Amino acid sequence: MFDKIIPRSEDYAKWYTQVIRQAEMADYAPVRGCMVIRPYGYALWENVKEQLDTRFKETGHQNAAFPLFIPMSFIEKEAEHVEGFKPELAVVTHGGGKKLEEPLVVRPTSETIIGYMYSQWIQSYRDLPVLINQWANVVRWELRPRLFLRTMEFFWQEGHTAHATHEEAEEETLSILDLYADFAINEAAIPVIRGRKSESEKFPGALTSYTIEAMMGDKRALQSGTSHDLGQNFAKAFDIQYLDANQKQQHCWTTSWGVSTRMIGAIIMTHGDDQGLVLPPRLAPTQLVIVPIVPKNNDSDKQAVMQAVDGICETLGSVRYHVDDRHDHSPGWRFNEWELKGVPLRIEIGPRDLSKQQIVLARRDIPGKEGKTFVPIDNAAETVKQMLDTIQADMLKRAIDFRDTNTFKPTTYDAFKEVIENGFAHARWCGDAACEEQVREETQATIRCLPMDQPGGDGITGRSGRFHTEQCAAYGTQIVAGAVPGRGGSDVNGIPVYDTVAEGIAATGADTSLIFVPARFNAADSVMEAAEAGVELIVCISEHIPVLDMVKAKAFLQGKSTRLIGPNCPGVITPGECKIGVMPEFAYTPGNVGIVSRSGTLTYEAAYQLKRLGIGQSTCVGIGGDPVIGDKLC
Amino acid sequence: MSDKAAAFVKEITPRSEDFSRWYTDVIRRAELADYSPVKGSMVIRPYGYAMWELMQQALDRRIKETGHVNAYFPLLIPEGLLEKEAAHVEGFAPQVAWVTHGGDEKLEERLVVRPTSEAIICTMYSKWIQSWRDLPVLINQWANVVRWEKVTRLFLRTTEFLWQEGHTVHETEEEAQKETLKMLGVYKEFAETELAMPVLAGQKTESEKFAGAAKTYSIEALMGDGRALQAATSHNLGQNFAKVFDITFQGRDKTVQYGWQTSWGATTRLIGGVIMMHGDDSGLILPPRIAPVSGSDGPHSSR
């Protein structure tokens, strides 16, 4: 068992495989690409499963079981889906001694068969939402398998939900993403970045895919869980319809989301070191190992030590512990084994410790003397419990520090090419798939995600305001000032900031106001302030402004020459000239067609479809979807 | 009974009229399970699955308490491996599903979707076991298996079903026999305590035993229609598989010996057993310990 493990710096991939096999977590199976999960690895998976399953149940989901096999014709019903998965299918052509009429596929994922069953079960809006999850094995023909990370057969949970509205489906998609992040950060001590996948990286058949991404010990990214807004794609392909409250037939909006045994690989690679595994206490199958050190020829000493061990065990409560009393193996040998297996904490106790009424507590995550403490026997249980919590927190912190140290913010493509070899890069992207492909060809780097936490926030100085201001300015818009109470006198990228709109207009002659103030900081007031200051056009991006506030604001605007576009809108764009808002630039191109829309995303969609047909846009106005909005333009 | 409940119940065929129909009516009306587009395969709906989860937890606890640990072995088995044990392949070959194509290519060697996992597990055991110090190996797995059936019935006999299968290796024949009977006892106690299902424990005849086993034991229950249901099985495999798959160990006397094995399993068929044993013409009657919602009687709506 104790062949030396190759250091990570020498060959990370080999280290990974050696750790797994020597710690007896998994082994290769006779079928290429398949793995056997050995008891220790399976115990870790059982803990992962328990934590996730509890969260699913708490959020109203129920488990079920759908078939392993899916008729080939089903996979072919959703175009993007089949394109994505066809090359990965294991196909059953014979069963029960006969050739099958229609070949069956071993499920690579279950959207299609679940979609079919949902279409049978869902009749009315009263049947919604359907919130089902299944814990299952799936098979995907993999060319380059790696234990836990990418195996031909793997375990996962796949949630599949059906909703009456897109809003509900989007909410579900995002709340699951948060659930996954909470699990990864708080149970696995893995800091993850939640974000949206680019178009080329999203799930085949989805509208939008979200992901949690983590940095592994080799500074590379690992996608650790995904959540998809499937729009109505599968509902249309499988006829999942319901009768709404107005007796009209509607298609459902569906989501799907999954975390797999790859999460075990994530745990190994985030925390493991050259001695082997390092497991986060909350998930470790064994949290504490007690190694009694007894002299060979002294029975009374041996008895005393073992008695003390029993005494400690009785006080440990719910701590998952193991006593290693294999006295024919040296203490050092036993220490090595449990270190290899990543057990977070070890108690050593021998006659000498006993005489001092103390035990030695050794942390797995801090090697050598530094990780050892001497603790009075009476305090042992209490200290163990506290130390497990400390280790959990420290492991998370260490992982965060490691990621931060290896994350860069290059501002030029050349700088990007340099740093991307050594970790993560946060970089601006124009949104075009062609550029994405070019970057991939030139640097092998892929877009892991567009983080949910974009730089930006309150007004021009906040994270999202700043980001969008920069984007607009880069597009050609003349941004001349910012107004943020209390920040007057500062500047953002050379743009002066004033305490009030009136001051900003007086100083710069600005005629348009772009509002990012969040609803909770009284965006409606900002609209009124801008109108009072005599601005000609207000574009208000802010969402969630209470209706009654908007009623007030609209009343205030009566009789004034100020026009309001929004709130809760993406803004106004004259392609090629000026952008006042947050729309993605790549969707637009100059031309003759004007677009007015209440929906933000659908405006981008409309513009982009026109663009692809070679038809440009003159000006596009998102007027917002709230009940009370400014100018409707028609 | 209210009018609505009466109307609901009217749709359930009385057992005396057609027991088979009654059984299917209850399952579908109570939304325990449904037919799927794959012939012979079922979908276990949330209410039915919740029952299975409770049964799983209760049985898993007992399996762990008797010293076993869970692991997981692959779904797909190379054709060559299955064919190694003659009686075994004879028993199962007519029932298996073959994966012949993978990733757009025809496979050189066909893969079987496991009908049971002796072949693949024994292959791994022969790798892992070297000395008597490695024994006993007490491993269980919760998994799905596929057996092509001519006639299928929801829960009782489906092309794909869920189960647990234990596979153990021992130093001596006595130990293996002890384990075989111990697990039979575990199943009996589980059935009687958790499922309120009285069972008869006994040995199968030669013609009924598991393909490849030395001895097979089972627990049998009496259903509402007067027929028997095999509720779980426990096999003493002797050294049959050990000899074929080369599961050897160095004994205490330094000689190389073959291991003595057992295997035992309980399936989703137990849910069918619970329905048939306890249900009546109004629908399900669930023993409290595995009822997902206690304090409810009769057909249960999924909302």
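Straight-line cross-link reach from A:Lys236 at under 12 Å between alpha-carbon atoms covers these aspartates and glutamates, not counting any fewer than eight positions away in the same chain: A:Glu78.
Report the antiparallel proportion of the DSSP beta bridges in the protein assembly as shown as a percent, rounded to a multiple of 5.
Numbers: 129 of 159 bridges.
Roughly 80 percent of the DSSP beta bridges within the protein assembly as shown come out antiparallel.
Relative to its residue count, the protein assembly as shown spans a Cα convex hull of 213 Å³ per residue. What separates the Cα centres of region A:1-32 and region B:41-88 is a distance of 27 Å. In vacuum, with every alpha carbon of region B:39-273 counted as one equal point scatterer, what does the Debye formula give for log10 I(q)/I(0) at q = 0.08, 0.12, 0.16, 0.17 Å⁻¹? Two decimals, please. Those come out to -0.30, -0.68, -1.21, -1.35, one per q. Counting only other chain Cβ atoms within 10 Å of each residue's Cβ, the peptide A:130-142 averages 3. Ignoring aspartates and glutamates fewer than eight residues from A:Lys579 along the same chain, the ones with Cα atoms less than 15 angstrom from its Cα are A:Glu470, A:Asp511. Its DSSP H runs of at least 4 residues, each contributing -39,500 (n - 2.57), put the calculated 222 nm mean residue ellipticity of the protein assembly as shown at -10500 deg cm²/dmol, to the nearest 500.
For the pairs A:Lys99/B:Lys106; A:Lys302/B:Lys64; A:Lys202/A:Lys248; A:Lys4/B:Lys254; A:Lys554/A:Lys632, flag any whose C-alpha to C-alpha distance is greater than 20 Å.
As for pairs spanning more than 20 Å Cα to Cα, those are A:Lys302/B:Lys64; A:Lys202/A:Lys248; A:Lys4/B:Lys254.
Take peptides B:259-270, A:99-110, B:233-244 and line them up by average Cβ neighbours within 10 Å, highest first, as a rough protection proxy.
Details: B:259-270: 25.6, A:99-110: 19.5, B:233-244: 22.5.
With the highest mean Cβ count within 10 Å placed first, the list reads B:259-270, B:233-244, A:99-110.
Would you tell me the mean number of C-beta atoms belonging to other protein chains that fall within 10 Å of each C-beta in B:86-96, as a whole number? Don't skip to the end; give the middle numbers.
Numbers: counts 0, 0, 0, 0, 0, 0, 0, 2, 3, 3, 5.
Per-residue shielding by partner chains comes out at 1.
Of the trypsin sites (Lys or Arg not before Pro) found in region A:287-330, those in coil by DSSP whose Cβ has at most 13 other Cβ atoms within 10 Å are A:Lys296, A:Arg326.
Charges at C-beta only: +1 for Lys and Arg, -1 for Asp and Glu. How large is the resulting dipole of the protein assembly as shown about its Cα centre, in Debye rounded to 20?
Values: 98 positive and 123 negative charges, 193 e Å.
Value, rounded to 20: 920 debye.
Rounded to the nearest 10 degrees, the inclination of helix B:173-194 to the longest alpha-carbon principal axis of chain B is 10 degrees.
Just counting partner chain Cβ atoms within 10 Å, what average do the residues of peptide B:47-58 show around their Cβ?
Details: counts 2, 2, 8, 4, 0, 3, 4, 0, 0, 0, 0, 0.
Taking all residues of B:47-58 together, the mean is 2.
Over the C-alpha trace of region A:564-618, radius of gyration and Dmax come out as 10.3, 32 angstrom.
Which pairs, out of B:Lys204/B:Lys243; B:Lys178/B:Lys243; A:Lys219/B:Lys127, put more than 25 Å between their alpha-carbon atoms?
On the way: B:Lys204/B:Lys243 23 Å; B:Lys178/B:Lys243 21 Å; A:Lys219/B:Lys127 35 Å.
Going by Cα-Cα distance, A:Lys219/B:Lys127 fall outside the 25 Å limit.
For region A:407-454 versus region A:585-634, the inter-centroid distance based on Cα atoms is 29 Å.
For region B:39-273, calculate the relative contact order in percent as a whole number, restricting contacts to Cα pairs under 8 Å that are 6 or more residues apart.
Values: 445 pairs, mean separation 51.4, N = 235.
Dividing the mean separation by the residue count of region B:39-273 yields 22 percent.
About the centre of its Cα atoms, region B:39-273 shows a dipole size close to 360 debye [charges on the beta carbon of Lys, Arg (+1) and Asp, Glu (-1) only; nearest 20 debye].
Relative to one another, the C-alpha centroids of region B:100-161 and region A:96-165 are positioned 21 Å apart.
None of the figures in this text is laboratory data; all of them are computed from the coordinates on show. Quantities reported herein were computed from a predicted structural model and do not represent experimental measurements. Cβ atoms come from the backbone with ideal geometry, glycine included; neighbour counts cover every protein chain shown.
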